[in-house]
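J.: The following block contains the structure, expressed as C-alpha cells.
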Amino acid sequence: MDHGHHDSHAHESNGHASHGSGGHGHASTFSVRILRQDGPGEASYWERHVIERENDMNVISVLQRVAAKAENAEGHKVAPVAWDCNCLEEVCGACTMVINGRTRQACSALVDRLLADNPGEIELRPMSKFPVLRDLMVNRARLFRSLQKVKAWIPVDGYYNMGPGPRQSPEEQQRAYPLSECMSCGCCLEACPQFNKVELTRRDGETEEQFRAREKQEFDRNFVGAHAISQAMLFNAHPTGQMNAGERLDALTAEGGIQMCGNAQNCVAVCPKSIPLTTSIARAGRAATLHAVKKFFDR
Ligand code: SF4
Ligand code: SF4
Ligand code: FES
C-alpha cells in the first residue's frame, strides 16, 4: 500500500503562505473545493475552503477542519459542511464520495497522496447516483432495498441453539470470502451505466407510508445493481442459504434484474474490495437460466 510518499516535510519549504498559527509543523495550506447542496432537490454550488496541512491527514480529518472552521476561502462564515462516516477503516462504506474525480472512501483517502497527485487542491463531490441529503451526504436507501429485494441474508427462525451448521469445504469458503467483504459503499453503482439515479419527493397529501411504498416500487423497477447480484450469489452458495436460492433467483430475474446488466464491467474495475463482480454476474446469469428452465418444466 505505502509507496513511500510521506514527503510532507518537503512542503514546509515550498513557500506557500501560512496562516501563521500552530507553532511546530507545517506552514503550508491547501484548498478544498466542495460541491455543496443545502437540502434534497436544491441546487448545488461549489465552495472553496483553505485548510492548513498537518501530518497524516485523511479526507475525514480535512472535513473535520472544514466543519470546525465553518469559513470559506474568502473568510465568510458558512454553514458547516455535512458528510457521513462511521467505521473510519473502510468497512462501513458510509463515507463514500467522489474525491478528485474518483469514487472512494474518505476515511482511507490520504491527503499526502492526493496532494502528490494533484498539488494544492482536493475536490470533493457527493456520489451522483444517489439523492443528496445535504452536501456530501447521500441517501443510499436504494442500495439497501436491493439487498432486501434479493434476500441477501440467511433466515434464522429463532435464537435457540440449532447445533452446528452445515460444513463448508475450505474451497467453498475461499470462494465465498471475497464476496463477503462487500461494504455496501455504492462505488460499483456510481460507475454502472445501467444504474441511474432515482430521486422521488413526497407529494402533497401523501403519507410517509404511501411515499415509502411508492419509492420501493420505483427502486424495484430500476436496476438492482452489481452489489446485490453478488450478495445473492454469496448466499446462494452457502449450504444453509441455498434453501432460499430460488427466491433470490426470482428476484434477480424480476423487473430491474440481471437482464439489465450490459456487461460494461465498470463495476468490477472500481470496487474498493476487489470483489469479482463480473464473475458473480456471470454465475447469476447461468443460475437464472437454469432456474427458469426448471420452473418451466415444473409447471
Ligand atoms: S457489468 Fe453490469 S453491473 Fe457492472 S457496471 Fe456493467 S452494467 Fe453495471
Ligand atoms: S461490491 Fe464493491 S463497490 Fe459495490 S458496494 Fe460492495 S464493496 Fe462497494
Ligand atoms: S467511515 Fe466507514 S468506510 Fe469510511
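What follows draws every value from the coordinates through simple rules; no lab data is involved. In this text the structure is predicted, and so the values were computed from the model without any measurement. As a convention, Cβ positions derive from the backbone with ideal geometry for all residues, glycine included, and neighbour counts pool all protein chains shown.
J.: If amide H atoms are built 1.01 Å from N in the plane of the peptide, which residues on other chains or at least 5 residues away come under 5 Å of the amide H of Thr96?
T.: Those lying under 5 Å, H to H, from Thr96 are Ala106.
J.: Jot down the per residue volume, in cubic angstrom and as a whole number, of the convex hull over the alpha-carbon atoms of the chain. Walk me through the numbers before you get to the answer.
T.: On the way: hull volume 56.5 nm³, N = 299.
Cα-based convex hull of the chain, divided per residue, equals 189 Å³.
J.: How large is the direction-averaged shadow of the alpha-carbon convex hull of segment 37-137, in nm²? Please list the in-between numbers first.
T.: Numbers: hull surface 25.5 nm².
In nm², the orientation-averaged hull projection of segment 37-137 is 6.4.
J.: I would also like to ask the following. Using just the helices of the chain, give the 222 nm mean residue ellipticity in deg cm²/dmol: DSSP H runs with n ≥ 4 each add -39,500 (n - 2.57), and the total is spread over all residues, rounded to 500. List each step's numbers first, then the result.
T.: Details: 10 runs with 105 residues, N = 299.
Value at 222 nm, helices only: -10500 deg cm²/dmol.
J.: Once both axes come from the Cα atoms, what is the angle between helix 226-237 and the longest principal axis of the chain, in degrees from 0 to 90, rounded to 10?
T.: Taking the Cα atoms of the chain, the angle to 226-237 is about 40 degrees.
J.: If r is the Cβ-Cβ distance from Asp56 to Ala79 and R0 is 25 Å, what FRET efficiency results, to the nearest 0.05? Show your work: numbers first, answer last.
T.: On the way: r = 28 Å, r/R0 = 1.12.
E(calc), rounded to 0.05, equals 0.35.
J.: Check which residues have an amide H placed less than 5 Å from Leu133's amide H, if you skip close sequence neighbours.
T.: Long-range HN contacts for Leu133: Val138, Asn139.
J.: Collect residues whose amide H, placed 1.01 Å from N in the peptide plane, falls under 5 Å from the amide H of Met57; neighbours closer than 5 in sequence don't count.
T.: Val111, Asp112
J.: Run the dipole for the chain about the Cα centre, Lys and Arg Cβ at +1, Asp and Glu Cβ at -1, nothing else charged, and hand back the magnitude in debye, nearest 20.
T.: Values: 34 positive and 36 negative charges, 236 e Å.
Value, rounded to 20: 1140 debye.
J.: Ok, one more. So how far, in whole Å, is the C-alpha centre of segment 250-299 from the one of segment 100-123?
T.: Cα centres, segment 250-299 to segment 100-123: 33 Å.
J.: Quick check on segment 142-299: what does the Kirkwood estimate of hydrodynamic radius come out to from the alpha carbon pairs, in Å? Display every interim value, and only then the final one.
T.: Values: mean 1/r = 0.0594 Å⁻¹.
Computed over Cα pairs of segment 142-299, the Kirkwood hydrodynamic radius comes out at 16.8 Å.
J.: Something else about it: How many angstrom separate the Cα center of segment 40-94 from the Cα center of segment 213-230?
T.: The two parts, judged by their Cα centres, are 30 Å apart.
J.: Sticking with this structure for a sec: Subtracting the Cα-Cα distance from 0.36 nm times the residue separation, let me have the gained length for Ala254 to Tyr159 in nm, one decimal.
T.: On the way: separation 95, 0.36 × 95 = 34.20 nm, distance 3.23 nm.
Working it through step by step, the gained length comes to 31.0 nm.
J.: Looking only at Cβ-Cβ distances, which cysteines of the chain have no other cysteine closer than 4.7 Å?
T.: Cys107, Cys182, Cys185, Cys187, Cys192, Cys261, Cys271, each lacking another Cys Cβ under 4.7 Å.
J.: Separate question: Once you put a point 7 Å from the Cα of Glu172 and another 7 Å from the Cα of Tyr45, both along the Cβ direction, what distance in nm separates them?
T.: 5.8
J.: To continue, here is another question. Given 25 °C and 0.890 mPa s, compute D for segment 64-213 with the Stokes-Einstein relation, Rh being the Kirkwood radius over Cα pairs; round to the nearest whole µm²/s.
T.: Working: Rh = 18.9 Å.
The Stokes-Einstein estimate is 130 µm²/s.
J.: For Lys197, Lys294, Lys129, what's the fewest-to-most ordering of other Cβ within 10 Å of each Cβ?
T.: Working: Lys197 15, Lys294 11, Lys129 21.
The most exposed by this proxy come first: Lys294, Lys197, Lys129.
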